[in-house]
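The values are calculated or read from the model by the stated rules, or taken from the named source; none is laboratory data. Computed from a prediction, not measured in an experiment: that's the story for all the values here. Because the Cβ atoms are built from the backbone with ideal geometry, glycine has one as well, and the counts that use them run over all protein chains shown.
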Protein chains: 2
Amino acid sequence: MSPKITTEMLKQLRQVMKSPKYVQEPIQAYIVPSGDAHQSEYIAPCDCRRAFISGFDGSAGTAIVTEQHAAMWTDGRYFLQAAHQMDNNWTLMKMGLKDTPTQEDWLVSVLPEGSKVGVDPFIIPADQWKRMSKALRSAGHDLVPVKENLIDTIWTDCPQRPCKPLITLDLSYTGVSWRDKIVALRSKMAERKVLWFVVTALDEVAWLFNLRGSDVEYNPVFFAYAVIGMNTIRLFIDGDRMMDPAVREHLQLDSTLEPEFKIQVMPYGSILSELQAVGAGLSPKEKVWLSDKASYALTEAVPKAYRYLTPYTPICIAKAVKNASETEGMRRAHIKDAVALCELFNWLEKEVVPKGTVTEIIAADKAEEFRSQQKDFVELSFATISSTGPNGAIIHYKPVPETNRTLSVNEIYLLDSGAQYKDGTTDVTRTMHFGTPSAYEKECFTYVLKGHIAVSAAIFPNGTKGHLLDSFARSALWDCGLDYLHGTGHGVGSFLNVHEGPCGISYKTFADEPLEAGMIVSDEPGYYEDGSFGIRIENVVLVIPAETKYNFKNRGSLTFEPLTLVPIQTKMIDVNLLTQKEFDWVNDYHQKCREVIGAELERQGRHEALRWLIQETEPLVRVQ
Amino acid sequence: MSPKITTEMLKQLRQVMKSPKYVQEPIQAYIVPSGDAHQSEYIAPCDCRRAFISGFDGSAGTAIVTEQHAAMWTDGRYFLQAAHQMDNNWTLMKMGLKDTPTQEDWLVSVLPEGSKVGVDPFIIPADQWKRMSKALRSAGHDLVPVKENLIDTIWTDCPQRPCKPLITLDLSYTGVSWRDKIVALRSKMAERKVLWFVVTALDEVAWLFNLRGSDVEYNPVFFAYAVIGMNTIRLFIDGDRMMDPAVREHLQLDSTLEPEFKIQVMPYGSILSELQAVGAGLSPKEKVWLSDKASYALTEAVPKAYRYLTPYTPICIAKAVKNASETEGMRRAHIKDAVALCELFNWLEKEVVPKGTVTEIIAADKAEEFRSQQKDFVELSFATISSTGPNGAIIHYKPVPETNRTLSVNEIYLLDSGAQYKDGTTDVTRTMHFGTPSAYEKECFTYVLKGHIAVSAAIFPNGTKGHLLDSFARSALWDCGLDYLHGTGHGVGSFLNVHEGPCGISYKTFADEPLEAGMIVSDEPGYYEDGSFGIRIENVVLVIPAETKYNFKNRGSLTFEPLTLVPIQTKMIDVNLLTQKEFDWVNDYHQKCREVIGAELERQGRHEALRWLIQETEPLVRVQ
């Protein structure tokens, strides 16, 4: 990996930072955040501006360029990668280390008095703008919005914004029509006494209209905004996608509809002026609801007195609670996904053990091949983490030719992968050994398994937030002085983003919404030993009501049901470390895998994979 | 309990709210918070202004009086009590209920345009002022500081501010001299580049100077402030307490000292003007460190640009980590406390069972009597919760003649009590049955015990925050659909406040500081059934390093050691519900109680109580 040479580009950027064509007054610093205008986690190539200007293409990082300096803030996952990818023009700011200044403090230390710091107001979330602006102002500087994105002005071969065809989802997938979703949204708006709701997150637009796209890799979303009033629906979207008869029919664009359900289609780029017009027409007590993570540009379009900001939107919360059709779709998707993985693991055992010719990349490609054979397969849901031996200890590893290792009978293999099917999204991690694991490897695997079971089998009161369950996943590891440095679970979309809010299981966040029956999260504790191996066991689990002996204050209880039904390698389990409850959990789980996935393998005529499944789901036995 | 008649007092208060003698312009509302000028949890009688004006004397509540209305905000613990204690002049605002307005919203709804809302700037913490002031301003009103407390102007028989003699603590108790504490504090100040530190919390002043007082019931503190500079020490304290030769000697007031250790004693009331003088003399980059909970008055005394505010002060954090002398003192205090409780429980068994003449109040008094026989006993550390049967389900119960029940062989008895000894502070809860508990009572008790053990025996990495352990205490209850609606633990002072920050074990707070070896917290899960019984098992536990098999990233691990050594009634335990680990924990704990407390009972010649201890610490046996 050689660094990107950025000298010329930085020179150009510094020129436009002073050009009256783009800025009213010269700016002394320009901030280039990671995100897109929708604050997406995964972004399209045209939005990879920070990677373009710096060379560093990790998922998190903020670049700041001043007349003299260029600096990049990123976190511990990316210190090595950023150092490799950036040339000497750049200073790496290692976030989380004690001596690393914040962006604000650094700016204050390097800027001449009374400086102007520019940023694209569409890319910076309103809450970040507020914090940064306050800090700069108290030091005598100004944060200013620069309307035209300055990176775009020098990025001559910038890829076009994707504008791919849409997929319409009928009621059998979504369970609720877009009309009924609008009705429900308007009733939430009435409850909070707001007249308008602005949909800014891409997965929220997709969910609301029961549409999917492929503008962003792995995330079946499309570039659009929506503004919902009590009597109007405006959808801001580009291209000829609205010419597609299936889409027109789905959105009833050509039907005679009650006016409050008539969708007005408008150009994607007109959101700002339309929202400003809405803002200008408001009278006191008429509020506009926005996410507090919406861009500064859209937030500012609404006069402050009329804004109603919340960390989670009603769409985000409604989307998280899956209805019966979505849940059934997720079940089907996970069955198909398990079929593909049984095929893969059976194939790996046949290839790795005797031949030793399978690399991490070959294994990942084979996994995709098996998945793509399944009905309604669309694409992967994230970049496959296929890692063996020491690569398994790199939590966000993705095999590339430079790092690609060959699977062997001597190393632990970790596969974290998932797919988008039209009926659901999957995300599963299995850790296997194709030879004979050491006692220590089995011991660590078993602690991780105990943590996985502790969460999966946990019973907890209705209204409990997921972060309160995080320690359950760690307890067995903690008892032996071990731990893992990531959260335990994230929300999972239904044929939508593999990471979604507002729920999760992590010690790091306390702003999560309480778990409710119908929510779907991952359960993925791990253990990683730098330079040696990585272990992770991940199922996607559905929150379901739990039957309990008593019912304190009539609150009711919840627990989880695994949707993922892929065998957990028993060879890696030290049975002596399991309690009876854990022992029974594994056997019950494997019994269910055998029944449900066995039937589907049978149906699909995949007899070899079925034999593998039967062998891998043999009940554990206690050696007395 | 008949309500206090407040008509006349409210009339007087409304007069002074318009009197130019006290306010520059008439105010339309006056806020009476709960606290004192030090934001103390327990307050002196002269600071019970809210109770004086309203009649409601619960520990939490805010009164607001306008020209037309008088309203009281309090939480669920006090709805009943407040309703009983207040007359018809008052509207009860039930906090936590959906339809209850916030104080700000209510003020906005009742005030005429452009109103002024007054508050004593010494009583309101700066962070609360900020929130309230912002909300009022955005509605066109003003929050204004009223220098003279308006309640005090009408409270003709207001008790005097206490000014009791001080206790000096020598090195054998404190482990560190006040000089060395000042040196350590100044080094923390240098680290953060601040020149001044303002000590506002009463327990922080007491800890810093190794002094104790008795100005507030249960809390061995005294009214004082301190301002520490890099070369000066100012102690603001009233009365002739500084005339006491022992205190003069302890503080070396008459010795020839390096100037930076010379304590300047100043009147308590001069803190504001002195701090204003400090603030006025600052040049850029000279900061003053204050708690963000310090009063608005003191915070405002320092110009905004020079303030350095943190949620926890360096004294709060240093105080929480007990040194060897303090830990040994706490051990001694807990041994003496256990002796007193063995005497009490032995006495109760002899009195309750055959005679049935012991009431909750008699039992509480007897507990105090036994404690007062122990060396270095000073006072109780909080109002004893002595509750039998349904009273046990009232979590903050304190027996009064109207509610006083007689202990019997048919009901569960819960005693939550503690004391201040010169060498340490105790807080212990035991739940007992003097007859034959039902299977259900035993079942609930055993779940609570399992939760208690889960926390007490937990092993967790260095740097873990206490709130991450809270779910461990609930897991056994959750499994059966049960729970309790309070936190699991709080920090405990060393001959200081029985509740102290910055650590604790609760699902409710995330601002706690990480647990460190030497910190001391309580471990007190419970279960409460309204109208029937209450169960709580509470030990005070010391955070200690844990030996683990492995040591991930060299972080080290921690666990707890119980300081409380009082038998847990085995009659209440359903042994079949215990795991082997829990079973062993109980037997090991009782073995330790028998050894340590047995030796002390022997030494004190308390043979009957010793016999009781031996009987109560018989090992559990499994019925096969």
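Here is how the numbers come out for the structure above:
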{"read-out": "Helices (runs of 4 or more DSSP H) wholly inside the range A:176-287 that include at least 3 residues being under 27 Å from the mean Cα position of the chain (by Cα)", "value": "A:178-191, A:202-209"}
{"read-out": "Neighbours by Cβ (under 7 Å, 6+ apart or cross-chain): first from the range A:451-468, among the β-branched types (Val, Ile, Thr); second in a helix (DSSP H, G or I)", "value": "A:453/A:582; A:453/A:585; A:455/A:469; A:455/A:472; A:455/A:473; A:459/B:478; A:459/B:479"}
{"read-out": "Counted residues, the range B:463-486 - those being more than 9 Å from every other protein chain (Cβ to nearest Cβ) and over 16 Å from residue B:535 (Cβ atoms)", "value": "2"}
{"read-out": "Residue list for the range B:523-567, filter: polar (S, T, N, Q) and either on the phi < 0 side of the Ramachandran plot or in contact (Cβ under 8 Å) with a residue 12 or more places away in the chain (or both)", "value": "B:532, B:539, B:548, B:551, B:557, B:559, B:564"}
{"read-out": "Candidate set from the range B:570-594 (those that are crowded, with 19+ Cβ neighbours inside 10 Å and not in a helix (DSSP H, G or I)); member that is farthest from the other protein chains (Cβ to nearest Cβ)", "value": "B:573"}
{"read-out": "Inter-residue pairs, beta-carbon under 8 Å, first over 12 Å from residue A:457 (Cβ atoms) and in the range A:580-594, second polar (S, T, N, Q), 6+ apart", "value": "A:590/A:570; A:590/A:617; A:591/A:617; A:593/A:617; A:594/A:617"}
{"read-out": "Residue match in the range B:355-365 (condition: over 30 Å from residue B:85 (Cβ atoms), in a strand (DSSP E or B) and either outside the structural domain of residue B:417 (by the TED database) or modelled with pLDDT of 95 or more (or both))", "value": "no"}
{"read-out": "Residue A:27 being among the hydrophobic types (A, V, I, L, M, F, W, C) and surrounded by 15 or more Cβ atoms within 10 Å (Cβ to Cβ)", "value": "yes"}
{"read-out": "From the options B:276, B:264, B:252, residue that is touching a strand residue (DSSP E or B) at 6+ places or on another chain (Cβ under 6 Å) and surrounded by 12 or more Cβ atoms within 10 Å (Cβ to Cβ)", "value": "B:264"}
{"read-out": "Test: residue B:360 is buried (at least 21 other Cβ atoms within 10 Å of the Cβ) and closer than 21 Å to residue B:599 by Cα", "value": "no"}
{"read-out": "Residue within the range B:19-31 that is of a type outside the set (Val, Ile, Thr) and outside any loop (DSSP other than H, G, I, E, B) present", "value": "yes"}
{"read-out": "Residues (surrounded by 12 or more Cβ atoms within 10 Å (Cβ to Cβ) and part of a helix (DSSP H, G or I)) located in the range B:605-624", "value": "B:608, B:609, B:610, B:611, B:612, B:613, B:614, B:615, B:616"}
{"read-out": "Pick from the range A:440-462, criterion small (Gly, Ala, Ser) and more than 10 Å from chain B (Cβ to nearest Cβ), ranking: farthest from the chain's Cα centre (by Cα)", "value": "A:451"}
{"read-out": "Residue match in the range B:370-378 (condition: surrounded by fewer than 22 Cβ atoms within 10 Å (Cβ to Cβ), of a type in the set (Gly, Ala, Ser) and not in a loop (DSSP other than H, G, I, E, B))", "value": "yes"}
{"read-out": "Residue list for the range B:412-434, filter: surrounded by 22 or more Cβ atoms within 10 Å (Cβ to Cβ) and in a loop (DSSP other than H, G, I, E, B)", "value": "B:418, B:423, B:426, B:427, B:434"}
{"read-out": "Any hit, the range B:45-54, residues being on the phi < 0 side of the Ramachandran plot, hydrophobic (A, V, I, L, M, F, W, C) and surrounded by fewer than 19 Cβ atoms within 10 Å (Cβ to Cβ)", "value": "yes"}
{"read-out": "The one condition in (1) buried (at least 22 other Cβ atoms within 10 Å of the Cβ); (2) farther than 30 Å from residue A:549 by Cα that residue B:463 fails to fulfil", "value": "(1)"}
{"read-out": "Top-ranked residue in the range B:546-555 [being touching a strand residue (DSSP E or B) at 6+ places or on another chain (Cβ under 9 Å) and surrounded by 13 or more Cβ atoms within 10 Å (Cβ to Cβ); ranked as nearest to the other protein chains (Cβ to nearest Cβ)]", "value": "B:548"}
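Table: residues versus (1) crowded, with 18+ Cβ neighbours inside 10 Å; (2) within 14 Å of another protein chain (Cβ to nearest Cβ); (3) basic (Lys, Arg).
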position	(1), (2), (3)
A:558	yes, yes, no
A:564	yes, no, no
A:599	no, no, no
A:603	no, no, yes
